[in-house]
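I have placed the structure first, in the form of structure tokens, so that the comments after it can refer back to it.
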Amino acid sequence: MTDLAEPATRDDTFPLARTCPFAPPPAYEKLREAGPVHRVTLQSGQEAWAVTRLEDVRTVLNDPRFSSDRFNPGFPILTREGRPQRRRFTASLINMDPPEHGAARREVVGEFTVKRMKALQPRIQQIVDEHIDAMLAGSKPADLVSALSLPVPSLVICEQLGVPYAEHHFFQSRSSTLLNREVTQEARMQAVEEMQNYLDELVTTKEANPTDDLLGRQILKQREEHGDVAHDELVSLAFLLLLAGHETTANMISLGTVALLENPDQLEIIKNDPGKTLDAVEELLRYFTIAEFATSRVATEDVEIGGQLIREGEGVLGLSYSGNRDETAFENADALDLERGARHHVAFGFGPHQCLGQNLARMELQIVFDTLFRRIPDLKLAAPVDQLPFKHDSSIFGLYCLPVTW
């Protein structure tokens, strides 16, 4: 096989900064117009292929010839600090490939079915109401991040996993360090190790006395089906679910609230008809695409994508944010249209590694937005958008705080 297209001219180093919180980097549109696949340089100095169009991003994510193994020498490393070291408890759904990935996912996928999520709905509603009660009883302006956005998904995932919520300051601070692209590799690895040690002790405790939660049920299930518990894998699963289960939804609550308040005509759609909130959630997920580089991969053999030969061992950035603003897939893609009804976005990824907790995230977002704007219909920002502290330095985009009043 020979190259089918010349590599594009080198662009700025990736990841590119979001110059506007409501739009991807301007270079993305130029890259899409120039062609579907481009050679780019990462901040680590590594070169990789950037895939810019939705159809091609979905192809990469669904093709078993692209690996999720973050310890593969060719896997794209975004930070200047370089490749992380292998540590204990490295086996995780997020960096597994077939057939191990499929087997590990099947072990836990039953915990995230639509039926099980609906069973959680009354408790999630109660949690949301309690936090809005507390916010209304407090002073104004309030910080929506600390009052609602962060505690709601944190408490939900803690109860689901069986992690004591009293420890939330511990894991939230470590998560923030882990996701910050500006911290040193040493600081990031220390945060990883502290989280792993904490969860190692928690899983050990549950092995001695299994509780009625996800971790406890997994322990009982593994003993019944396999005769023993895969301890390290369970610690890694807990790490992944705890991190992803609160960081992503928390940031989407904050960003979604800003977008709705800044687009009152769109907000009126869900105020007038809460039945449209699920479509609104899908559009907000597409619009922000907060975990853009979770779709990075490395080729395990030569593969042609978008007319470009990607060779074995070369890294690939599936630019999900660019794909979700692809005009060939979404008409008037840069506009927020809560009635768009387009669920083929890749904000949750695509293919075998599509987000395990997406049903939970959708339900939390639906409950929060419906409840927040029903109970506080005159909610408004207490600071101009251009003065809000957006997370430009984080691997998951969001807000550090969000002052609101009513």
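Quick notes on this structure:
- For the stretch 53-67, a residue qualifies if it is part of a loop (DSSP other than H, G, I, E, B), closer than 12 Å to His353 by Cβ and either among the charged types (D, E, K, R) or in contact with a strand residue (DSSP E or B) (Cβ under 6 Å, 6 or more places away or on another chain) (or both), and exactly one does: Asp63.
- Of the residues in the stretch 300-317, at least one is under 25 Å from Ala23 (Cα atoms), aliphatic (A, V, I, L, M) and touching a residue at least 12 places away in the same chain (Cβ under 8 Å).
- Check on Val258, within 30 Å of Pro210 (Cα to Cα), open to solvent by less than 10 Å² (accessible area, probe 1.4 Å) and in contact (Cβ under 8 Å) with a residue 40 or more places away in the chain: no
- The stretch 125-140, residues that are surrounded by 15 or more Cβ atoms within 10 Å (Cβ to Cβ) and over 19 Å from Gln172 (Cβ atoms): Gln125, Ile132
- Qualifying residue in the stretch 310-325 (condition: buried (at least 22 other Cβ atoms within 10 Å of the Cβ), over 23 Å from the mean Cα position of the chain (by Cα) and in a strand (DSSP E or B)): yes
- Any hit, the stretch 347-357, residues being modelled with pLDDT of 95 or more and either part of a strand (DSSP E or B) or among the aromatic types (Phe, Trp, Tyr) (or both): yes
- Flag if Ser173 is hydroxyl-bearing (Ser, Thr, Tyr), within 20 Å of the chain's Cα centre (by Cα) and either crowded, with 16+ Cβ neighbours inside 10 Å or over 27 Å from Ala17 (Cα atoms) (or both): no
- Hits in the stretch 113-124 - residues which are under 22 Å from Leu240 (Cα atoms), in contact (Cβ under 8 Å) with a residue 40 or more places away in the chain and surrounded by 13 or more Cβ atoms within 10 Å (Cβ to Cβ): Met117, Leu120, Ile124
- Among (1) within 17 Å of Ser254 (Cα to Cα); (2) open to solvent by less than 70 Å² (accessible area, probe 1.4 Å), the one test that Gly110 misses: (1)
- Going through (1) surrounded by fewer than 20 Cβ atoms within 10 Å (Cβ to Cβ); (2) within 23 Å of Ser322 (Cβ to Cβ) one by one, Ala347 falls short only on (1).
- Filtered residue count, the stretch 23-40, keeping only those that are in a helix (DSSP H, G or I) and at positive phi: 0
- Sole residue being touching a Gly at 6+ places or on another chain (Cβ under 9 Å), at pLDDT 90 or above and of a type in the set (D, E, K, R), chosen from Asp97, Asp56, Asp69: Asp56
- Exactly one residue among Asp265, Asp334 is assigned to a loop (DSSP other than H, G, I, E, B) and either among the charged types (D, E, K, R) or under 30 Å from Pro403 (Cα atoms) (or both), and that residue is Asp334.
- Test: residue in the stretch 243-250 that is open to solvent by 30 Å² or more (accessible area, probe 1.4 Å) and either in a helix (DSSP H, G or I) or without any contact (Cβ under 8 Å) to a residue 12 or more places away in the chain (or both): yes
- Evaluating Thr277 against the criteria (1) under 29 Å from Val203 (Cβ atoms); (2) crowded, with 20+ Cβ neighbours inside 10 Å; (3) over 18 Å from the mean Cα position of the chain (by Cα) leaves one unmet condition, (1).
- Exactly one residue among Thr300, Thr295 is touching a Ser or Thr at 6+ places or on another chain (Cβ under 9 Å), surrounded by fewer than 23 Cβ atoms within 10 Å (Cβ to Cβ) and among the hydroxyl-bearing types (Ser, Thr, Tyr), and that residue is Thr300.
- Those residues of the stretch 355-371 which are of a type outside the set (A, V, I, L, M, F, W, C) and either surrounded by 21 or more Cβ atoms within 10 Å (Cβ to Cβ) or under 13 Å from Leu284 (Cα atoms) (or both), in sequence order: Gly357, Arg362, Glu364, Gln366
- Take the conditions (1) surrounded by fewer than 17 Cβ atoms within 10 Å (Cβ to Cβ); (2) in a helix (DSSP H, G or I); Asp228 misses just one of them, which is (2).
- The number of residues in the stretch 171-193 being among the basic types (Lys, Arg), in contact (Cβ under 8 Å) with a residue 24 or more places away in the chain and assigned to a helix (DSSP H, G or I) comes to 1.
- Looking at Gln266, Gln218, just one residue is at pLDDT 95 or above, open to solvent by less than 40 Å² (accessible area, probe 1.4 Å) and under 30 Å from Phe390 (Cα atoms), and that residue is Gln266.
- Selection count, the stretch 143-170, where residues are closer than 11 Å to Ile127 by Cβ, touching a residue at least 24 places away in the same chain (Cβ under 8 Å) and open to solvent by 30 Å² or more (accessible area, probe 1.4 Å): 1
- Cβ-Cβ distances below 6 Å connect the following pairs, each with a first residue in the stretch 343-354 that is over 18 Å from Ala244 (Cα atoms), a second residue that is of a type in the set (D, E, K, R) and modelled with pLDDT of 95 or more, and a separation of six or more residues or different chains: Arg343/Glu282; His345/Arg286.
The values are calculated or read from the model by the stated rules, or taken from the named source; none is laboratory data. This one's a predicted model, so the numbers in the text were calculated from it and none came from an experiment. Neighbour counts are summed over all protein chains in view; Cβ atoms, including those assigned to glycine, are modelled from backbone coordinates with ideal geometry. All accessible areas refer to the heavy atoms of the entire protein, side chains included, with ligands and DNA or RNA removed. Shrake-Rupley method; radii C 1.70, N 1.55, O 1.52, S 1.80 Å.
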